[in-house]
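The values are calculated or read from the model by the stated rules, or taken from the named source; none is laboratory data. What you are looking at is a predicted structure, and each value in this text was computed from that prediction instead of being measured. Note that we place each Cβ from the backbone using ideal geometry, even for glycine, and neighbour counts take in every protein chain shown. Quick note on the areas: whole protein, heavy atoms, side chains included, nothing else; ligands and nucleic acids left out. Shrake-Rupley method; radii C 1.70, N 1.55, O 1.52, S 1.80 Å.
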Amino acid sequence: MQDCGWKIGGKQGEGIDSTGDIYAIALHRMGYYVFTYRHFMSLIKGGHTNYKIRVADEQIRHHGDLVHVLIAFDQTTIDENWQELADGAVVIYDGAAFEAKLPGDRDVNLCQVPLTEIAKQAGGAIMKNMVSIGVTAAIHNMDPELFHPVIEDKFGKKGAKVVQSNLEAVRQGYVYYEEHYKAHIPMPKPSVVPSDERHFYVSGNQAAGFGALAGGCRFLAAYPITPATEIMYWLINEMPKHGGIVVQAEDEIAAVNMAIGANFSGVPAMTSTSGPGFSLMMEALGLAGMSETPLVIVDVQRSGPSTGLPTKTEQSDLNEALYGTHGEIQRIVLTPRTVEECFLYTADAFSLAEKYQMPVIVLTDLYMGMSSQTIDRFPADKVMADTGKRISDEALLALEPGAFVRYDETVKDGVSPRSLPGQKNGRYVALGNEHNGIGLEVEETYIRQAQADKRMRKLQHFTHQSGVTVDGIKDAPFALVGFGSTYGLLEEARQKLAQSGLQVKHIHFSRVAPFPKEDFAAAMGGVERALVVELNQQGQLANVIRREAGYHDILFNGLKYNGDPLYLHEVLERAGQVFPMGVLQ
Amino acid sequence: MSTMKDFKAEKPTWCPGCGDFGVLNAMQRAAVSLGLEPENVAVISGIGCSGKMSQHFGGYGLHSLHGRSLPTAQAVKLANKNLTVMAAGGDGDGFGIGMGHFIHAMRRNVDITYIVMDNHIYGLTTGQASPTSDIGSTTKTSPHGTVEKPIEPLQLALSERCGFIAQGFSGDTKHLATLIEKAIRHRGFSFVNVFSPCVTFNKVNTYEFYKTGLVNLDEDEGYNNADRFEAMRRVSEANNLVVGVVYEDPAQTAYEDTVYGYPSESLVSMERGLKQEEYDRILAAFH
């Protein structure tokens, strides 16, 4: 694989994001695989922000450790990012704004380009971003005209003049660099011929929204929260085209209870949120479990606890997803490994919620949710379509009036057919109190026990395409283990370790509840040491594995919780401590 | 045609003489009078004595969480607008833990009816001060008398421009039934506050207390319930002790009639999944 890292940094409000978007989409359309990561802060203007784009000639699922081209709008950008610079990297800065200094030793090219001055000549200082793209094109020996279509798309609405001056800014940036500097960095060759059938540019949040729609969701109630709001944005645009609605709730408690209400009426419904909102939903999670009402919650995790780091990534809501709410309920927790699985598992969540009549939590995170990337296809053909056990109108009418037993505790698999409001003679009460078959609250001990047992039986014969995957050498003695969004990076780490001669495999969870016991046991066959890599402080996944499967003596933690996403060199370094090295020299 | 029997469910477990019996009866009468069928009515309740309403009323029921009847009920209705949806709760449920949702439900204006059984006390937890307890009320949690000013539900609803506001008394179920019937007929969010005495824990706000002190605005020919400021003044003058339709603004449009994209049928009748051409259109946007 050939790849290359590009980063632009400055203050929030300087147009960093739109520049990154334009560059990423342009590369994507040229046929490259791109992966983006936005580093930003919880404020509107000021503060350091940067946008990293990794471009490659094959599928990538991580933004990469290295930066080959850094566009620095200020010294802070250099101070914050210089350690990622690859040997021979080019750093572009505007000498009129500041005199760039490298805080440490690196073999890189510091290139002063009067970005603002060139932009002014092209039509306005605001276009220094476009000048940067032109400079980038020159560094990579790319034709600046390749950016024409994206600029047309982006600025076409503002008129031909705006398009022309932006194009001019790109050209002038290109020309300036060509005339003044010699350092060039080769771009990988685009290996994919862009075609309308495949090759999509999508974020995990967009994929989750799309998945919801494909899975039958026609009602979203949500409260704005970083990093989950984009799911809401996407569905606000799409829902009305498919007979669905999005309600902006007054808070997350309202949002989740609305999702329960809509599901009770028979509409597949969900809420999307992040940690603080998810915490507010815990009581309602219990209501969905107790009343056996389908419910889907997408939790795009961010750094906690409490408000935590609102704009930084983490995988620390796993415990809450698995164990949150008082009392005991069953729930399904899906942890998509890729954006394709964000689509597929969010779609399937609706079928699973109806099939098992319980809450389904889709656990993604800021890193996957907000990073846009190139994928080949959406697995639309694999989406489940299951409306669960429903009692028909005819069956209800054949019953004596009032004889429908919604919570029939005698059903073998624990899942009793439900009726929907509007169905004649299907009356029942859905409730959070312990109840008898028709939904009347009762306190008789034997009924309580029978109903509790009924609910717990529901996942005994659970089946779903999610679970545990194994990559690499099947019976390798060493294993990298993870869940959710770290899949791509751990795959890169496995390949790197394998290249160094280590007998290694990569075990990854795309579902943690119900715990894929048998598949995990099979995956662990032959393992002498397993490094469980996760973005939290306490090793939540490792603890789940210990609890559900054992392996106490051979599990090692690889933990990160400083707010930054995981990097390849960090995994390799920890692997070097855990696995018998020497093979890595 | 449905009858009272169709709206009866399990025998209520309220204390003998509880005001909530009258509320249940009035809800059933209103449903019969409107010609509703039980399968097309859903009662969504919160927690407390009032929360048992969903189990005692013979329609579909959702006995939700403490304070959360309103968000739940709004979604039940939005999902299937052919249902008649009533949310039921008490003063603790609705004006304590659930107060935020009340304000927002009025703002949102989904076509549901909210009935509050206001007894100025927490009953099911055996007698603690509630948000509508009068200043000086002595209860288990206020042995020296409450000092907080009580919530004034009608004034609150008036200030929020709730499209239909009424107050009733569970000792007069016939009148209360007419109020609930009007509330259900109103298209948009409607609010009926009901003085529903707790015979066990509130020895002040009793049936006797309300039988003598209430001003019936429905019987006042000079009262114009389309005038919000007049309503505020009259409610204030009577120290909230009014019954009848306090305010109605039929011109307000319900959320589901206004919000962009709500289909002409209900959400529940929409097809699931996506057709190939819908996939293709969405996919094209990701290129």
Candidates per trypsin sites (Lys or Arg not before Pro) in the range A:429-484, loop by DSSP, up to 16 other Cβ within 10 Å:
A:LYS474
Tally up the carbon and sulfur contribution to the accessible surface of chain A as a whole percent, 1.4 Å probe, everything protein left in place.
49 percent
Could you list, in their original order, any pairs among A:LYS11/A:LYS120; A:LYS389/A:LYS454; A:LYS458/B:LYS81 whose Cα atoms are separated by more than 23 Å?
A:LYS458/B:LYS81
Angle, helix A:229-238 long axis vs. longest principal axis of chain A, Cα atoms, 0 to 90°, nearest 10?
80 degrees
Does the range B:23-100 come out rounded, prolate or oblate by the C-alpha gyration tensor, with a ≥ b ≥ c the root eigenvalues, rounded set by a/c under 1.5 and, if not, prolate when a/b is larger than b/c and oblate if not?
oblate
What does the accessible area per residue of the range B:4-284 come to in Å², with a 1.4 Å probe and no ligands, DNA or RNA counted?
39 Å²
Connecting C-alpha atoms closer than 10 Å in a GNM of chain B, tell me which of B:GLU219, B:GLU148, B:GLU160 has the biggest fluctuation.
B:GLU219
Relative to chain A, whose Cα atoms define the longest principal axis, helix A:540-549 and its Cα axis are tilted in degrees, nearest 10, by 40 degrees
Report, in deg cm²/dmol and to the nearest 500, the calculated mean residue ellipticity at 222 nm for the protein assembly as shown, where each DSSP H run with n ≥ 4 adds -39500 (n - 2.57) and the sum is divided by the residue count.
-10000 deg cm²/dmol
Pick from B:HIS175, B:HIS104, B:HIS144: which is most flexible by mean-square fluctuation in a GNM of chain B where alpha carbon atoms under 10 Å apart are linked?
B:HIS144
Where both partners of a DSSP beta bridge lie in the protein assembly as shown, what percent of those bridges are antiparallel, to the nearest 5?
35 percent
Nearest 10 degrees, 0 to 90: helix A:128-139 Cα axis against chain A principal axis:
70 degrees
Residues of the range A:8-24 with amide N under 19 Å of a point placed 7 Å along Cα→Cβ from A:GLU152
A:22-24
Rounded, prolate or oblate: which fits the range A:3-180, taking a ≥ b ≥ c as square roots of the Cα gyration tensor eigenvalues, rounded meaning a/c under 1.5, else prolate when a/b beats b/c?
rounded
Measuring with a 1.4 Å probe in the full set of protein chains, what accessible area per residue, in whole Å², belongs to the range A:200-382?
20 Å²
A:GLU394 and A:GLN465 label points (each 7 Å along its Cα→Cβ direction) are spaced in nm at 3.2 nm
Distance between modelled label sites at B:ARG161 and B:ASP249, nm, 7 Å Cα→Cβ extension
0.4 nm
Label the protein assembly as shown by shape, choosing from rounded, prolate and oblate, from the square roots a ≥ b ≥ c of the eigenvalues of the Cα gyration tensor; if a/c is under 1.5 it is rounded, and otherwise prolate applies when a/b is larger than b/c, oblate when it is not.
prolate
Can you list the GluC sites (Glu not before Pro) in the range A:67-128 that are in a DSSP coil and have 12 or fewer other beta carbons within 10 angstrom?
A:GLU99
Using unit Cβ charges (K, R positive; D, E negative) and no other charged atoms, how large, in debye to the nearest 20, is the dipole of the protein assembly as shown about its Cα centre?
600 debye
Within the range B:4-284, what whole-number % of the accessible surface is contributed by carbon and sulfur, with the 1.4 Å probe and all protein chains included in the calculation?
52 percent
Listed peptides A:166-179, A:351-364 by packing density, highest first (mean Cβ within 10 Å)
A:351-364, A:166-179
Mind checking which of B:ALA183, B:ALA88, B:ALA251 has the largest fluctuation in a GNM of chain B, springs on alpha carbons under 10 Å?
B:ALA251
Hey, got the dipole for the range B:4-284? About the Cα centre, +1 on K and R Cβ, -1 on D and E Cβ, debye to the nearest 20?
580 debye
Name the lysines eligible as straight-distance cross-link partners of B:LYS182: C-alpha to C-alpha under 16 Å, and not fewer than 8 places from it in the same chain.
B:LYS174
If you take the accessible area of B alone plus A alone and subtract the pair, what total do you get in square angstrom, rounded to 100, with a 1.4 Å probe?
4800 Å²
Å² per residue, accessible surface of the range A:3-180 at 1.4 Å
39 Å²
